Structures are given as structure tokens and as C-alpha cells.
Amino acid sequence: MPPALNPDRGSPDPGRLFFLDWLRIGAFAVLVLYHVGMYYVTWDFHVKSPFADRALEPWMRLVEPWRMSLLFMVSGAVTARMLGTGSAAAVARRRSRQLLLPLLCGVVLIVPPQAFVEVLRRFAYTGGYADFLGLYFTGYAGFCRDGGACLILPTWNHLWFLPYLWLYTMLLCAVLAVRPGALASWARAASPPSRGVLLLAVPVLWILMLRLALLERFPVTHALVDDPFAHLLYGSMFTAGAVCSLVPGVWDRMAALRWPALLLAVDAWAASVWLVPAGPLAQAAISVQTWCALVAAFGFARRHLDVDARPRARLTEAVFPLYLVHQTVIIVGSQMLLPLGWVPRLEGPVLIVATFAIGFAVHGLVRRLGPLRPWFGMKPREAGGA
């Protein structure tokens, strides 16, 4: 495997691409805001506010189509850079530790309170938490809605991103173990379509094809084994990030297109919300919004955030523990605030501040406890992760 290429010079990379770190930090911050918002809209969520309505939904749809694709693209770019400095087998082992240990920690320790609150609210469960844990870890399948859908226990809930990312990483590593030059070949093939208007048009057409062909037949499940639309979308975004990391000049081309891409994304969002809320035209608008928002995000980050700053390293390390605990804090915290009867414009900001505060507090505690660090997605202390 050749060394990772600097995306601008086509030469061995002399340093870190700081804008990828800032994008990752921003994407996880948006994730917290989005999941707080899920408590207040009418869309399906584990618990719902008594004040839930549609008022926030257009603004949620401003980020919903592309927020997870951004994380998969950033992860693909980071994985490709790791592959430039280590073998596919070494990267597979490293990423397995980084992703599967926190997933296990989450399923066993962090997610159960979410499921407990959900069965209390949705299924009128009257048992205690200890009794519920017995049901949780034995795979009880009796929490079912009238339509027949049953709660799957144990569950990974919001942590579905980790097994999906692990799967795509293992597939890429397997390909590179057999064909070490495959990623570089894909980058060479992608170089011509990454120029000019094709950088916007080709991915939009791919996303539109997936949405029209698969989304209605295979709605997203986050269950890993029965999720073809999600795998093709997120797997392709992961691959796109990996390929872009080796295509000379692609980040700067995104920077040059950042304003047109942003305007197209905003126009497409407005069209999908207010003009064509359903049907093929709506799918086309969402497809334009998805990719153009990604190009705008990478472009603005490349132009303005490719610099180091004092909080970057700490925030980069903190986002994984924050990601692990944030939804549990939101769900449990919302129920603790429920007796106060606060309206969303008061309660929502309190939930947001509490979620970030507790998430960063968890990071501050775990980073000092060496044995716990890998279970929260942090490098072992001896690896220089502090």
C-alpha cells in the first residue's frame, strides 16, 4: 500500500488534515441537537414529549438527509489515511478494538436505561430496573405494539453507527488484503468525474437511483442484516470518503464549489419541505440536498477549518464518549424533567446543555482511568491518547 497522498500535492502527506477533525466534532454536535429534537417532533422515537408537534420538523429535515452520510464520509477518509501507514490487517485489528469494545460497553451498560424508560412509557411496564435487566439480557420479545412490531432486546439503539462502520471497514480491509492497490485504482478512476459539475452531478444521480429503487421497498432498520438501502448509501459514502482522501485536489475543488453547493442544498431542502413533499421529485430534491450539503460541509471546512487550535485534540477525543452516552442522557433526562411541565423552548435548551455537560464530564473521568479508555473509544494511555 503506498503512503497516504496529500489531497492537494499528490505527495506523501506531511501532516494531519485538521478540517476532518473539526467536521467530525461538528457532526457529533449536530447529532446531539438532532436527537434532542427527536423528543419534540412527531417522528418515531423511544419517548415523546407531551408537547410534541410538527413545528420543528422542517428544521430537522434541514440536516436529516446528510448528517450520518457526513460521519461515514469522514470515517472513510480517516480509514484510508490509516491504511496509508499500516497494513490492512493491522488497521482491521485497530478498528475492531476502537469500534467493537465501545459497542459492547454501550449495549451492556449505556443503552439499557433507554430501553427501560421506553418500556415504562410505551408498554406500561411496572417492574423495576433489575427485573427489566433480566428480560433485556435474555432477549425477551414480549414488548410489542398493536401493529405487531416488537422491541428487540438487547439492542444497540443509537450505536448502530458502530457496527455499520466496522462492517464497511472490514470489507475495505479485506479487499485491500487481496488487492493492495485497489483503493489507489479507485482514486485514479474517480479523478476525472471529480472535476467541475460532475463532482456534484454524478453522486446526486447515484443517491437518487438508490432512493427510487430501494427506499420504499427497504426502509432503514439499523438492524445490520436487513438494511440494503442503508448499506448501499452509507457504504458508498464511506467509500467516497476513502477515495476522496487519495484524489489529488478534490478537497480544494469542494472548497471552490462550497457556495453553489450550499445554495443548491438549501433550495433543495426548501423544495422537499414545502413544494414537493412526496414522490419522485421529492426524492430528487433530497438527493440534491444530501450530496450538495456534504460538498458544502467539506468545502467550507477545507477553506476555513484546516487549522489546529488548542481545543481540537481534546474535543476530537471527547466526541466518542459523548456519542456513546448522549442519547441515554437525553431520554433519561427528559423523563426527569417531565414533572416540571416545562415547554420545549425552556426544556429543550436545558436538555442540550445537560447532555453536553454530562458527556464531557464522562470524558473527563474516563480519560484518567486507563483500563476504561478503550471501552469508550479512546486510545490506551500508553498510545498517547491523552
| task | Determine whether the stretch 37-47 contains at least one residue that is at pLDDT 95 or above and assigned to a helix (DSSP H, G or I). | result | yes
| So which residues in the stretch 65-87 are open to solvent by 20 Å² or more (accessible area, probe 1.4 Å) and either touching an Asp or Glu at 6+ places or on another chain (Cβ under 9 Å) or of a type in the set (Val, Ile, Thr) (or both)? | VAL78, ARG81, THR85
| query | Among the residues of the stretch 199-244, how many are in contact with a Pro (Cβ under 7 Å, 6 or more places away or on another chain) and at pLDDT below 95? | reply | 0
| Would you pick out the residues in the stretch 126-167 that are open to solvent by 30 Å² or more (accessible area, probe 1.4 Å) and aromatic (Phe, Trp, Tyr)? | TYR129, PHE137, TYR140, TRP156, TRP166
| request: Confirm whether PHE123 is among the aromatic types (Phe, Trp, Tyr), open to solvent by 40 Å² or more (accessible area, probe 1.4 Å) and modelled with pLDDT of 95 or more. | output: no
| task | Just one of (1) touching a strand residue (DSSP E or B) at 6+ places or on another chain (Cβ under 7 Å); (2) at pLDDT 95 or above; (3) not aromatic (Phe, Trp, Tyr) trips up PRO3, so point out which. | result | (2)
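Let's see how each residue does on (1) in contact (Cβ under 8 Å) with a residue 24 or more places away in the chain; (2) under 29 Å from SER287 (Cβ atoms):
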| residue | (1), (2) |
| --- | --- |
| TRP66 | yes, yes |
| VAL74 | yes, yes |
| ALA77 | yes, yes |
| ALA80 | yes, yes |
| ALA89 | yes, no |
| ARG94 | no, no |
| GLU118 | yes, no |
| message | Within the stretch 178-198, does at least one residue satisfy the condition of being open to solvent by 50 Å² or more (accessible area, probe 1.4 Å), under 22 Å from the mean Cα position of the chain (by Cα) and either modelled with pLDDT of 95 or more or within 30 Å of ALA261 (Cβ to Cβ) (or both)? | response | no
| remark: ASP306: passes all of (1) in contact with a Leu (Cβ under 9 Å, 6 or more places away or on another chain); (2) buried (at least 20 other Cβ atoms within 10 Å of the Cβ) but (2)
| remark: The condition of being surrounded by fewer than 22 Cβ atoms within 10 Å (Cβ to Cβ) and under 30 Å from VAL111 (Cβ atoms) holds, among GLY279, GLY333, only for GLY333
| VAL107 being among the β-branched types (Val, Ile, Thr) and either in contact with a Pro (Cβ under 6 Å, 6 or more places away or on another chain) or farther than 24 Å from LEU338 by Cα (or both) | yes
| Among the residues of the stretch 357-365, is there at least one that is in contact (Cβ under 8 Å) with a residue 24 or more places away in the chain, open to solvent by 50 Å² or more (accessible area, probe 1.4 Å) and not in a loop (DSSP other than H, G, I, E, B)? | yes
| request: Could you tell me which of the residues VAL295, VAL288 is more than 30 Å from MET378 (Cβ to Cβ), open to solvent by 30 Å² or more (accessible area, probe 1.4 Å) and modelled with pLDDT of 95 or more? | output: VAL288
| Search result, residues across the stretch 18-36 that are surrounded by 22 or more Cβ atoms within 10 Å (Cβ to Cβ) and either modelled with pLDDT under 95 or within 21 Å of MET336 (Cα to Cα) (or both) | VAL36
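The values are calculated or read from the model by the stated rules, or taken from the named source; none is laboratory data. Model, not experiment: these values are computed from the prediction. Using ideal geometry, Cβ is built from the backbone for each residue, glycine included, and neighbour counts are taken over all protein chains shown. For accessibility, only protein heavy atoms count, side chains too; no ligands or nucleic acids. Shrake-Rupley method; radii C 1.70, N 1.55, O 1.52, S 1.80 Å.
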